[in-house]
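*Asks:* My structure is below; once you've seen it, I'll send some questions.
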């Protein structure tokens, strides 16, 4: 791993033509899907491994909401972060962020799902049962920057039916996934948003509470989460980060792989895969569609110009999505994952080095 890091850093320095002064420590932002106590238990072993490989401290930044992680990157208090797709989109647009990696599910899933959950003893059996909108139900929704806790249900459940949640429920509380699941399990709210990954964590960490929960709605598949760094990070540091992240759980001795595999498993992940900002295109389409549904609900004639503008934006985003699916970066990632499936350490190391250098030399597309 140390040889890989050194080689990647030298390659990037050669490409940039100059040696920027490297950071002496890194701050890794972690969105607040559950309590910081639980997150530290799962994240600190990974950050310790990263610190050792990079030769500098990597400190976890555990915020109370998603916005703090976005703003932390914006004001350069955070160097890289784990985001959901919606919060990553905000970081890219507002905080000079750039997607460079994507998480992979330990169970082999290609994505995850948003859910609406109720208590197992609840009389509500299906989605329509909680959408009677007579303000009799206490409802838990996610952080406004959460993909599965907010954007997806707001689009597929409420936006699609032209329902404004605040006009529908008795009370609405914004909370992280863990808090919402526990609120349902303890009958503090009648229904709440959640997702398939968090329910896996709940089953592992609080099995008795997990048994009290029933899913009544499941979304279409959501892309797995991105890892984002600041664009203005020193290229040599980027190369080190990238080389560590892509090699983690893939290269090294059997003992190394077993150890890293257990650490990733605590995060419900498998080794990472390369990604870029194109990962966010489906989320941008979803956000634009939600805006379109809102405008159409307000009156097609009075908002005609705005509607046409959003429709044009959606068309452009779809064209970019189609192009990305056929682009060279997508093909390179497919080759990388094929090498990974064969377990050829030498070929994987070589490919990681090429990725690390190419990501700094030219934009990924």
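*Asks:* Answer yes or no: is there a residue in segment 151-158 that is touching a helix residue (DSSP H, G or I) at 6+ places or on another chain (Cβ under 7 Å), more than 16 Å from residue 86 (Cβ to Cβ) and crowded, with 20+ Cβ neighbours inside 10 Å.
*Replies:* The answer is no; no qualifying residue exists.
*Asks:* Taking the conditions exactly as written (without any contact (Cβ under 8 Å) to a residue 24 or more places away in the chain and closer than 25 Å to residue 102 by Cα), does residue 257 satisfy them or not?
*Replies:* Values: without any contact (Cβ under 8 Å) to a residue 24 or more places away in the chain: yes; closer than 25 Å to residue 102 by Cα: yes.
When the stated conditions are applied, residue 257 passes them.
*Asks:* Still on this model: Any idea which of (1) surrounded by fewer than 20 Cβ atoms within 10 Å (Cβ to Cβ); (2) outside the structural domain of residue 242 (by TED's automatic domain parsing) is the one residue 117 doesn't satisfy?
*Replies:* For residue 117, the failing item is (1).
*Asks:* Something else: Within segment 204-236, restricting attention to residues that are in a helix (DSSP H, G or I) and either modelled with pLDDT of 95 or more or assigned by TED's automatic domain parsing to the domain that holds residue 145 (or both), which residue is farthest from the chain's Cα centre (by Cα)? Outline the logic, then answer.
*Replies:* Taking segment 204-236 and keeping what is in a helix (DSSP H, G or I), we get 204-205, 207-210, 235-236.
Now restrict to residues that are either modelled with pLDDT of 95 or more or assigned by TED's automatic domain parsing to the domain that holds residue 145 (or both): 204-205, 207-210.
Values: 204: 20, 205: 21, 207: 24, 208: 27, 209: 25, 210: 23 Å.
Out of the qualifying residues, it is 208.
*Asks:* Looking at segment 60-72, which of the residues that are assigned to a helix (DSSP H, G or I) and in contact with a strand residue (DSSP E or B) (Cβ under 7 Å, 6 or more places away or on another chain) is surrounded by the fewest Cβ atoms within 10 Å (Cβ to Cβ)? Please lay out each step first, then the result.
*Replies:* Applying the first criterion (assigned to a helix (DSSP H, G or I)) to segment 60-72 yields 66-72.
Going one step further and asking which of them are in contact with a strand residue (DSSP E or B) (Cβ under 7 Å, 6 or more places away or on another chain), we end up with 69, 72.
Numbers: 69: 29, 72: 19.
Taking the candidates together, the pick is 72.
*Asks:* Moving on. If I filter segment 181-191 for residues that are crowded, with 20+ Cβ neighbours inside 10 Å and modelled with pLDDT under 95, do I get at least one hit?
*Replies:* Within segment 181-191, not a single residue is crowded, with 20+ Cβ neighbours inside 10 Å and modelled with pLDDT under 95.
*Asks:* In segment 26-59, how many are more than 24 Å from residue 252 (Cβ to Cβ) and part of a loop (DSSP other than H, G, I, E, B)?
*Replies:* 5
The values are calculated or read from the model by the stated rules, or taken from the named source; none is laboratory data. These figures come from a predicted structure and were not determined experimentally. Note: ideal-geometry Cβ built from the backbone for every residue, glycine included; neighbour counts use all protein chains shown.
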